[in-house]
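The values are calculated or read from the model by the stated rules, or taken from the named source; none is laboratory data. Treat the numbers as computed from the prediction; the structure is a model and nothing was measured. Neighbour counts run over all protein chains shown; Cβ positions are idealised from the backbone, glycine included.
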Amino acid sequence: MVTDRPDHSRSLKSAVERVAECQIVVTVQPWSLTGPVLGVIVDVVLSRPQSRACLTWLTQQLKSQSPPILFLTESTSSSALREARAYGASACLPLYTEPRAVVAALARLIYPNETVTDLIVRRGAVCTGRLLDDMFRTAAAGAVNMTMVEDALDPVVNAIQEGGLTRWLDVVWEHDDATFQHCLLVAGLTVAFSQSLGMSKADQHRMARDALVHDVGKAQIPLEILNKPGILDTDEMALMRTHAALGYDILKASGNCDPVALAVTRHHHEMLDGSGYPDRLSSDTIADPIRLLTICDICAALIERRSYKVPYASEEAMRILVGMSGKLEYGLVQAFGKAVASQESYLNRAVA
C-alpha cells in the first residue's frame, strides 16, 4: 500500500491484513519492496510532486511483476482517472470507499475465481499452520513464544466468523501432517463452538489460543509414535499420554502463560468421572474451558482420517459424544451438537 495519508490508510491496512500480508510504503525514497507483490493499493494525492515521484519509483520496482494496481482517487473526473492510469492503475475507486469494498475490488483483480471470504479463511489457515510449525519446533527444545501464539489468534477467529466451519475444514483436510491437522481442526471446532455460545471476542481469542497450544507436548513425543500407521501398544500409549503433562511443563517454562491455557493443556484428557489423565480430576475440579475444549478434541479425533481407522461420520461422532454422559458435560455436548448441526453434511466429507 502506497500512501501519503497514514491515518486514513490505517483502517484499510487492517482490512487488507485479513486476506494477505500488507507492506506500507510512504511517499519517501529510497525504499525497496520485499518479496513478490500480489497487488498494490495507491492512496495518495496525485497533485503532490512527492507522490508522483514515489509512483515513478514504484513502477521501476514492479517492472518485473506487473501486479494489479488499485487507485483511490479524490476525484472521479476523466482527467483524474487518466492520470491514475498513466501511473499503471488497473482500476480506480473513490477515496472514501469502505475498506472492505476496496479489498474486495483488489481481490477480484488478483483472484477472479475466489471470494474475499475464501481468502480470509485460507489466510487464517496459512497463518495458523505457520504458527504451529514454529511452535512445535521451539517446543521440542522446551519453550514456546506465547507472543507469537497471541499474534496468530485473529486469523483463526476471523476465518471462522467470516467463512464458518465448513470453509475452515475444507482447508484443514488438505494438511498432510496428522498433528497439525488435528490442532487446526480442534481450533476451528473450538472457535465455532465459542461463537455459537455467544462468547465475547476476547473469550473467543482465549479459546483459540488454548486450542492451538493444547497438544504442544506432542513436540517431545518420538515421531515414530506420533506417526505410527497403526494402533499404539500399551507402552507406546503410556508414552503418548505424557504429552499433556509435557505440554504443561513447556508452557510453564515459556513464561507469561495464562493459567487457563496451562490448565487446558494439562487437563484436556480429564473426564468428569475421574477416569481421565494425567491427574484423574473429576467433577467441579474441571473448569468450563477444559470441558469445552475436551469435547472439541474428542470430536476432532473421531472425524479425522487416520491410516489405522475409518473416520466417523458426524452423526456417529455425536452419538459417541452423547454416549459419554458422565465423562463429558451433557449440556455442553448438546450445545456443541447444535453448533455444528448446520455443518454435519460437510463433516461427513471427512469420510470420503
> Quick one: Ala300 ticks every box in (1) surrounded by 21 or more Cβ atoms within 10 Å (Cβ to Cβ); (2) within 30 Å of Asn158 (Cβ to Cβ); (3) modelled with pLDDT of 95 or more bar one, so which box is it?
Replying inline: (3)
>> I need a count of the residues in segment 59-74 that are in a loop (DSSP other than H, G, I, E, B) and either under 22 Å from Ala101 (Cα atoms) or in contact with a Phe, Trp or Tyr (Cβ under 7 Å, 6 or more places away or on another chain) (or both).
In response: 3
>> Among the residues in segment 229-239, are any within 18 Å of Ala141 (Cα to Cα) and assigned to a loop (DSSP other than H, G, I, E, B)?
In response: no
> Can you spot a residue in segment 173-182 that is out of contact with any strand residue (DSSP E or B) (no Cβ under 7 Å at 6 or more places or on another chain), loosely packed, with under 15 Cβ neighbours inside 10 Å, without any contact (Cβ under 8 Å) to a residue 12 or more places away in the chain and in a helix (DSSP H, G or I)?
Replying inline: no
> Regarding Gly129, is this residue modelled with pLDDT of 90 or more, assigned to a helix (DSSP H, G or I) and either within 30 Å of Leu153 (Cβ to Cβ) or not charged (D, E, K, R) (or both)?
Replying inline: no
> Do any residues in segment 72-100 that are in contact (Cβ under 8 Å) with a residue 60 or more places away in the chain have Cβ atoms under 9 Å from those of residues that are crowded, with 17+ Cβ neighbours inside 10 Å and of a type in the set (Lys, Arg), where the two are at least six apart or on different chains, and which pairs are they?
Replying inline: Pro99/Lys13; Arg100/Arg18
> Applying the selection to segment 56-80, what residues are under 15 Å from Thr3 (Cβ atoms) and either surrounded by 15 or more Cβ atoms within 10 Å (Cβ to Cβ) or β-branched (Val, Ile, Thr) (or both)?
Replying inline: Trp57, Leu58, Ile69, Leu70, Phe71, Leu72, Thr73
>> Return the residues of segment 305-330 that are surrounded by fewer than 18 Cβ atoms within 10 Å (Cβ to Cβ) and closer than 21 Å to Phe180 by Cα; say none if nothing qualifies.
In response: Arg305, Arg306, Ser307, Tyr308, Lys309, Val310
> Pairs, please: C-beta under 6 Å, at least 6 apart or cross-chain, first residue outside the structural domain of Leu169 (by TED's automatic domain parsing) and free of Cβ contacts under 8 Å to residues at least 60 places away in the same chain and in segment 104-122, second part of a helix (DSSP H, G or I) and among the aliphatic types (A, V, I, L, M)?
Replying inline: Ala104/Val116
> Val264: among the β-branched types (Val, Ile, Thr), assigned to a helix (DSSP H, G or I), surrounded by 16 or more Cβ atoms within 10 Å (Cβ to Cβ) and touching a Lys or Arg at 6+ places or on another chain (Cβ under 8 Å), yes or no?
Replying inline: no
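So is Ala53 touching a residue at least 60 places away in the same chain (Cβ under 8 Å) and surrounded by 13 or more Cβ atoms within 10 Å (Cβ to Cβ) or not?
Judged against the criteria, Ala53 is not a match.
Take Ala20 and tell me if it is within 28 Å of Ala125 (Cα to Cα), assigned to a helix (DSSP H, G or I), touching a residue at least 12 places away in the same chain (Cβ under 8 Å) and touching a Lys or Arg at 6+ places or on another chain (Cβ under 8 Å).
no
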> So Ala15 fits all but one of (1) under 27 Å from the mean Cα position of the chain (by Cα); (2) surrounded by fewer than 13 Cβ atoms within 10 Å (Cβ to Cβ); what number is the exception?
Replying inline: (2)
>> Pull out all pairs, ordered by first then second residue, where Cβ-Cβ is under 9 Å, the residues are six or more apart or on different chains, the first lies in segment 257-286 and is over 22 Å from Arg206 (Cβ atoms), and the second is aromatic (Phe, Trp, Tyr) and part of a helix (DSSP H, G or I).
In response: Pro278/Tyr248
